[in-house]
Amino acid sequence: NDGGSRFIQSAPRTPKHLQETPLFHYGRKLACGFGPDALRPSYSYYAADLTAAYSDKVASFTRSFCFLNLGKPSHPACVIVLDDIRTADPSFKKYWQVNSLNPPEATADGVVLSNSSEGLTGKVRVRMLRPKPEEREVQILSGEAANSVFGQSFTPPAPTKPEGHGVRVMFSPKTAQASDVFLTVIPVSDAEAPELPIELAESPTTFTLTLADRVVVLSKTGKLLDQPFQVRVRPGRSYQLLLTGLTPAAWSVRGPDSKVQFNAGVEPGKNTALVIVPGGDFEVRPEAIPGAPEFQAPPDFMPPASPDCTPSG
């Protein structure tokens, strides 16, 4: 099933034909940034406008995707996905779906996916923060239901393989409206690891997520941030403060009493900045602070890769 995207029964003849023909244009890159180390980045960020992948029933659709390398054997990584979608008709229902080979475990804020191999078990916790639990519905489809779409049954391409007996989990808002936001945090861990605490703060223009030693700011609407905003960082330790979705400019981060001050040059196409800060209330502004340093990551910024490998999915 195409999931609502445009179905193209044609193929481009040349790379030039692909680039110049709107029929084949399924999306537009908005931002792509990673770092601070190019070979072992602590974060990777990508944002795309996917409106063109759909028919006129979708007025706008942007997706922001952030991968965090947490550098911990028990919690090696986390993925943050932010979808902002608006339909031409508010009655068009929207679904956010994740597939798994094994039956998931339902939780208060989503599901836990798991897989085992060679005596190791990995878990992927799908934690949907928006819409809130009371504002959404969740369907877990298995068996024949997993291979049917709104009453129409399909035969899996390889029905004898595990993929032919998978499970589909679908989240959807309870209330029909033109615009919806799906904010999902997906930590990866081994089977015995405790759940990773996650905090969410929301402003009119931003979502701010705090987890492990990271604070991640996302543009709430999919549009680039070009106005000052506030970030609260929990006290007690230092955090990597990752700012995403910034308009290209000379930005600055100011802490309480201006004791912590950094400048950050945000490049076109990357739209990200990263600094290390202690706890406190910070102001982020699209202007440089005269004389303030630019943050430079130390050589040992990221720990070496763990030799252990835990399967997940």
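The values are calculated or read from the model by the stated rules, or taken from the named source; none is laboratory data. Since the model is a prediction, treat every value here as computed from it, not as a measurement. No Cβ is skipped: glycine too gets one built from the backbone with ideal geometry, and neighbour counts run over all protein chains shown. Ligands, DNA and RNA are excluded from the accessible area calculation, which covers all protein heavy atoms including side chains. Shrake-Rupley method; radii C 1.70, N 1.55, O 1.52, S 1.80 Å.
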Rg/Rh for segment 64-112, where both radii come from Cα atoms and Rh is the Kirkwood radius: 1.07
Pairs of Lys in the chain closer than 23 Å at Cα, counting only those 8 or more apart or on different chains: 27
Cα-based convex hull, segment 96-188, per residue volume (Å³, whole number): 110 Å³
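Test of understanding: express the Cα radius of gyration of segment 174-250 as a ratio to 2.2 N^0.38 Å, with N the residue count.
Normalised Cα radius of gyration, segment 174-250: 1.29.
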Solvent-accessible area, 1.4 Å probe, carbon plus sulfur percent, for the chain: 53 percent
Per residue, the convex hull volume that the Cα atoms of segment 162-313 enclose (Å³): 193 Å³
222 nm mean residue ellipticity, helices alone, for the chain (DSSP H n ≥ 4; -39,500 (n - 2.57); rounded to 500): -500 deg cm²/dmol
Most fluctuating residue given options His75, His17, His165, as computed from a GNM of the chain linking Cα atoms under 10 Å: His17
Most to least packed among 106-112, 248-254 [average Cβ atoms within 10 Å]: 248-254, 106-112
Cα-based Rg of segment 1-159 normalised by 2.2 N^0.38 Å, two decimals: 1.25
Segment Glu144-Gln97, length gained on full extension (0.36 nm per residue, minus Cα span): 15.2 nm
Dimensions (Å) - segment 139-219, Cα atoms, principal axes, largest first: 44, 40, 18
Dimensionless Rg over Rh [the chain; C-alpha; Kirkwood]: 0.98
Accessible area per residue, Å², segment 1-140 with all protein chains present, probe 1.4 Å: 56 Å²
Per residue value of the accessible surface for segment 154-313 (all protein chains in place, 1.4 Å probe), Å²: 50 Å²
